[in-house]
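Asker: Got a structure here, written out as C-alpha cells. Questions coming.
The values are calculated or read from the model by the stated rules, or taken from the named source; none is laboratory data. Keep in mind that this is a model prediction, so the values were computed, not measured. Every residue, glycine as well, gets a Cβ built from its backbone with ideal geometry; the counts of neighbours run over all protein chains shown.
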Amino acid sequence: MVETRIQTPSARSIQLDVPGWPGNIAGQHLDVRLTAEDGYTAVRSYSIASVGDGERIELAVDRLPTGEVSPYLVEELRAGDQLEVRGPLGTYFVWHPTDTAPVQLIAGGSGIVPLMAMIRSHETSGSTVPFHLLYSVRSPRDVFFADELRALAESPHLRVTYVYTRQAPPDWPIAPARITTAAIAADAFSREENPVAFVCGPTGFVETVADIMVGLRIFAPLTIKTERFGGK
Amino acid sequence: MAVISRGFFGRKREENPELPPGQYLTEDFPVLSAGPTPVVDLADWTFSIQTESGEVHAWNWEQLNALPQEDIHTDIHCVTRWSKLGTTWSGVSLDTLFAGVDTTNAYVMVHSYGGYTTNMPLADLMDGKAWIATSFEGEPLDPEHGGPARLLVPHLYFWKSAKWVHGLRMVATDDPGFWEQNGYHIYGDPWLEQRYW
Amino acid sequence: MSARVDGNALAGILSEYFRLDTTSAIVQCSGCGTRAALARELVYPDPMGFVVRCERCEDVLMIVVDAPGGAWLDLRGVDGVQFRG
C-alpha cells in the first residue's frame with residue numbers, strides 16, 4: 001500500500017502498488033483478503049477506480065459501520081502495509097474505449113468507484129461518446145473524487161448531475177430527496193440514441209433505479225448493467 | 001502463503017469454556033440468508049411429519065400453539081464461527097410431536113418454506129434435544145430469524161436449526177440436505193468441530 | 001444482515017478454478033428457462049456460501065461454497081452454460 005487520501009468523512013481512496021498487475025478495464029473489481037495472526041480470514045470485493053496499464057492501482061472504500069474489512073481499510077491501513085489481492089475480476093460490468101453507444105452512468109454513494117474508472121477511461125482514451133453521470137449522494141461532502149469530477153465535467157462529452165438525498169447545497173433548486181423517475185428521465189438519452197447504462201450502488205438503490213429505467217422504456221433491458229454491493 | 005494483515009484482528013476471540021473450539025462470542029444475532037425471506041401467512045401455515053408408510057401428521061398454527069409449550073435456555077453455535085450464549089426460546093418439543101408417530105426409519109429430512117432442507121438422525125430430535133420454536137427472547141420469532149417457526153436443535157451447528165420449518169420426512173438413510181450436499185458436515189457437532197466433510 | 005448482491009460478486013472465487021471469466025457466461029435456468037449472464041443473477045452472500053438464484057423466478061441456480069479443501073460448485077438449477085470467448 002502506497003498512499004491513502006481522504007475522500008469523504010467516511011471514505012478514503014487507497015493507492016496500491018501491485019507487482020505483476022496486468023492492468024485492468026474500466027469497471028473491474030478485485031478481492032482483498034485480510035488474514036489475522038490467528039489465521040482468521042475475511043475476503044471482500046472492491047471496485048477499482050483506476051484504469052489501464054501499470055502496477056499502481058486505486059481503490060476507494062467507504063467504511064460500513066458494522067463492517068469487518070472496510071473499517072480496517074479506511075482507518076487502520078498505513079503506507080507500507082501489505083495486502084493480499086486477487087484480480088482484476090469481472091468482464092460484464094465493464095466499459096471499453098472502443099464502445100460507441102452513449103453511456104448513462106448512475107451511482108449511489110460509493111457506487112461511483114467503477115463508474116469513475118469508466119469516466120477516466122473515457123477521458124484518457126479521447127473517446128467522444130457522450131457520457132452522462134447521475135450521482136446520488138447524501139450531501140455535498142459525501143461526493144467522492146469531487147475536484148476531479150468538477151474538472152472532467154468541463155469536457156463537452158461528459159455531463160455530471162447530482163442528486164442530494166439528505167442535504168443539498170444552499171442554492172440548490174431541488175429539496176433533498178431520493179432519486180426519482182423524473183431525475184432519471186431528465187438525465188437520460190433518447191431511445192433513438194440506443195444508449196447503454198451502468199448502475200452501481202447499494203442493492204436497494206440499484207434495484208429501485210433499474211426498475212425505474214426499465215419502466216422508462218428508453219433502454220433495452222439487457223443494456224442496463226448493474227452491480228449491487230449489498231448493504232443492509 | 002498468506003500475508004498477515006498488520007492490525008487486523010477480525011472478530012475478538014476469547015478463552016471461554018462455554019465456547020466450542022474455533023468459535024467467537026457475539027452479542028448480536030447475525031442473519032444468514034440463502035434466499036428471500038418466505039412470506040408465510042399464519043392462516044396457511046402447517047407443520048407435518050411424514051412417515052415411510054405415507055402417513056402424514058399435520059398441525060396448523062392453532063393446533064401447534066395448543067400443545068404444551070416449553071421454555072428453552074441454550075447456547076447456539078453457527079458454523080461461520082459465531083456463538084451466542086444464554087438465548088431463550090419457547091416452542092413445542094419434538095418428543096410431543098412424535099408421540100403418536102410410528103416409524104422405524106432412523107433419519108429425518110427437514111423441509112422448509114422456501115425449499116431449504118437439512119438432514120439429521122431422528123435420535124438427535126428426541127429426548128428433549130429439539131423443538132419447533134415460535135418465540136425468541138419472549139417475542140414472536142422474527143421472519144428474518146425463521147419465523148413463524150424454526151427447528152431448534154442447539155447441540156448441532158445452527159444450520160441444522162432450519163428456519164421457516166414446514167415439515168419432517170422420515171427416511172431410511174442419512175441423505176445430505178442443502179448445505180450438506182456442498183461440503184458441510186453430514187452431522188455437524190460444534191464440540192467436535194465437524195464443519196466440513 | 002447482508003443484502004443480496006449479484007453475480008459480479010462470484011468473479012473472485014470462480015477465477016480460482018476457471019481460466020475464463022465466468023460472470024459473462026450465459027446460464028440457463030432449469031426452472032423457468034431464462035437465459036442471462038451470470039453477472040445478472042441474484043446472489044445471496046450467505047457466510048456459509050454463495051447461493052445464486054435466477055433473476056426471473058428466484059429458483060436456486062447454483063451454490064458456491066469456499067470450503068478449506070477447495071470450492072464446491074453445485075449447479076443444481078442450471079441446464080447449461082454458454083461461455084463467451
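Asker: Working only within segment C:56-85, note down all residues that are over 11 Å from the mean Cα position of the chain (by Cα) and among the acidic types (Asp, Glu).
Answerer: C:Glu58, C:Asp59, C:Asp66, C:Asp79 - these are the residues of segment C:56-85 that are over 11 Å from the mean Cα position of the chain (by Cα) and among the acidic types (Asp, Glu).
Asker: Would you mind stating whether A:Val69 is surrounded by 24 or more Cβ atoms within 10 Å (Cβ to Cβ), closer than 28 Å to B:Thr80 by Cα, not assigned by TED's automatic domain parsing to the domain that holds A:Val206 and not acidic (Asp, Glu)? Steps first, answer last, please.
Answerer: On the way: surrounded by 24 or more Cβ atoms within 10 Å (Cβ to Cβ): no; closer than 28 Å to B:Thr80 by Cα: yes; not assigned by TED's automatic domain parsing to the domain that holds A:Val206: yes; not acidic (Asp, Glu): yes.
No: the conditions fail for A:Val69.
Asker: Step by step: first the residues of segment B:86-106, then only those that are free of Cβ contacts under 8 Å to residues at least 40 places away in the same chain and not in a loop (DSSP other than H, G, I, E, B), then the one that is surrounded by the fewest Cβ atoms within 10 Å (Cβ to Cβ). Which residue is that?
Answerer: Residues of segment B:86-106 free of Cβ contacts under 8 Å to residues at least 40 places away in the same chain: B:86, B:93-96, B:99.
Then drop every residue that is not not in a loop (DSSP other than H, G, I, E, B), which leaves B:86, B:93-96.
Working: B:Gly86: 9, B:Ser93: 22, B:Leu94: 25, B:Asp95: 16, B:Thr96: 16.
Once the filter is applied, the top-ranked residue is B:Gly86.
Asker: Here is a follow-up. Out of B:Asp28, B:Asp75, B:Asp71, report the one residue that is surrounded by fewer than 18 Cβ atoms within 10 Å (Cβ to Cβ), within 14 Å of chain C (Cβ to nearest Cβ) and under 19 Å from B:Leu152 (Cα atoms). So that I can check it myself, show each step before the final result.
Answerer: Numbers: B:Asp75 fails: within 14 Å of chain C (Cβ to nearest Cβ); B:Asp71 fails: within 14 Å of chain C (Cβ to nearest Cβ).
One residue alone meets the criteria, B:Asp28.
Asker: Is there a residue in segment A:59-76 that is over 22 Å from A:Val143 (Cα atoms) and more than 8 Å from every other protein chain (Cβ to nearest Cβ)?
Answerer: Within segment A:59-76, none of the residues are over 22 Å from A:Val143 (Cα atoms) and more than 8 Å from every other protein chain (Cβ to nearest Cβ).
Asker: Which residue is surrounded by the most Cβ atoms within 10 Å (Cβ to Cβ), if the candidates are limited to segment A:83-103 and must be among the hydroxyl-bearing types (Ser, Thr, Tyr) and either within 12 Å of chain C (Cβ to nearest Cβ) or without any contact (Cβ under 8 Å) to a residue 12 or more places away in the chain (or both)? Break it down stepwise before answering.
Answerer: From segment A:83-103, those among the hydroxyl-bearing types (Ser, Thr, Tyr) are A:91-92, A:98, A:100; that's our starting set.
Going one step further and asking which of them are either within 12 Å of chain C (Cβ to nearest Cβ) or without any contact (Cβ under 8 Å) to a residue 12 or more places away in the chain (or both), we end up with A:91-92, A:98.
On the way: A:Thr91: 20, A:Tyr92: 23, A:Thr98: 8.
Across segment A:83-103, the extreme among qualifying residues is A:Tyr92.
Asker: Do you know which residues across segment C:32-68 are within 11 Å of chain A (Cβ to nearest Cβ) and part of a strand (DSSP E or B)?
Answerer: The answer is C:Arg35, C:Ala36, C:Ala37, C:Leu42, C:Val43, C:Tyr44, C:Pro45, C:Asp66.
Asker: If a residue must be touching a residue at least 40 places away in the same chain (Cβ under 8 Å) and in contact with a helix residue (DSSP H, G or I) (Cβ under 9 Å, 6 or more places away or on another chain), how many such residues does segment A:128-145 contain?
Answerer: Looking only at segment A:128-145, we keep the residues that are touching a residue at least 40 places away in the same chain (Cβ under 8 Å), and these are A:130, A:132, A:134, A:136, A:141-145.
Narrowing the set further to residues that are in contact with a helix residue (DSSP H, G or I) (Cβ under 9 Å, 6 or more places away or on another chain) leaves A:130, A:132, A:134, A:136, A:142-145.
Total meeting the criteria: 8.
Asker: Might you check whether a residue that is surrounded by 17 or more Cβ atoms within 10 Å (Cβ to Cβ), out of contact with any Leu (no Cβ under 6 Å at 6 or more places or on another chain) and either small (Gly, Ala, Ser) or farther than 27 Å from B:Asp28 by Cβ (or both) occurs anywhere in segment B:152-162?
Answerer: no
Asker: So which residues in segment B:124-179 are outside any strand (DSSP E or B) and of a type in the set (Asp, Glu), if there are any at all? Talk me through it step by step, then tell me what you get.
Answerer: Applying the first criterion (outside any strand (DSSP E or B)) to segment B:124-179 yields B:124-130, B:137-138, B:141-149, B:153-164, B:172-179.
Result: B:Asp124, B:Asp127, B:Glu137, B:Asp142, B:Glu144, B:Asp174, B:Asp175.
Asker: Something else now. Filter segment A:143-181 down to residues that are out of contact with any strand residue (DSSP E or B) (no Cβ under 7 Å at 6 or more places or on another chain) and aliphatic (A, V, I, L, M) and give me whichever is surrounded by the most Cβ atoms within 10 Å (Cβ to Cβ).
Answerer: Among residues in segment A:143-181 that are out of contact with any strand residue (DSSP E or B) (no Cβ under 7 Å at 6 or more places or on another chain) and aliphatic (A, V, I, L, M), the one surrounded by the most Cβ atoms within 10 Å (Cβ to Cβ) is A:Ala168.
Asker: Being over 29 Å from A:Val163 (Cβ atoms) and touching a His at 6+ places or on another chain (Cβ under 9 Å) narrows it down to one of A:Gly20, A:Gly80, A:Gly87, so name that one. First the steps, then the outcome.
Answerer: Numbers: A:Gly20 fails: touching a His at 6+ places or on another chain (Cβ under 9 Å); A:Gly80 fails: touching a His at 6+ places or on another chain (Cβ under 9 Å).
Step by step, each of A:Gly20, A:Gly80, A:Gly87 is checked, and only A:Gly87 is over 29 Å from A:Val163 (Cβ atoms) and touching a His at 6+ places or on another chain (Cβ under 9 Å).
Asker: Identify, from the list B:Pro190, B:Pro121, the residue that is under 27 Å from C:Ile63 (Cβ atoms), surrounded by fewer than 16 Cβ atoms within 10 Å (Cβ to Cβ) and modelled with pLDDT of 95 or more. Break it down into steps so the answer makes sense when it comes.
Answerer: Details: B:Pro190 fails: surrounded by fewer than 16 Cβ atoms within 10 Å (Cβ to Cβ).
The unique qualifying residue is B:Pro121.
Asker: For segment C:1-31, what are the residues that are of a type in the set (Gly, Ala, Ser), facing another protein chain (nearest Cβ under 7 Å) and not in a loop (DSSP other than H, G, I, E, B)?
Answerer: Taking segment C:1-31 first, the residues of a type in the set (Gly, Ala, Ser) are C:2-3, C:7, C:9, C:11-12, C:15, C:24-25, C:30-31.
With the extra rule that they be facing another protein chain (nearest Cβ under 7 Å), the set shrinks to C:2-3, C:9, C:11-12, C:15, C:24.
Once the filter is applied, which keeps residues that are of a type in the set (Gly, Ala, Ser), facing another protein chain (nearest Cβ under 7 Å) and not in a loop (DSSP other than H, G, I, E, B), segment C:1-31 yields C:Ala9, C:Ala11, C:Gly12, C:Ser15.
Asker: So how many residues does segment A:18-65 have that are on the phi > 0 side of the Ramachandran plot and surrounded by fewer than 19 Cβ atoms within 10 Å (Cβ to Cβ)?
Answerer: Residues in segment A:18-65 being on the phi > 0 side of the Ramachandran plot and surrounded by fewer than 19 Cβ atoms within 10 Å (Cβ to Cβ): 5 in total.
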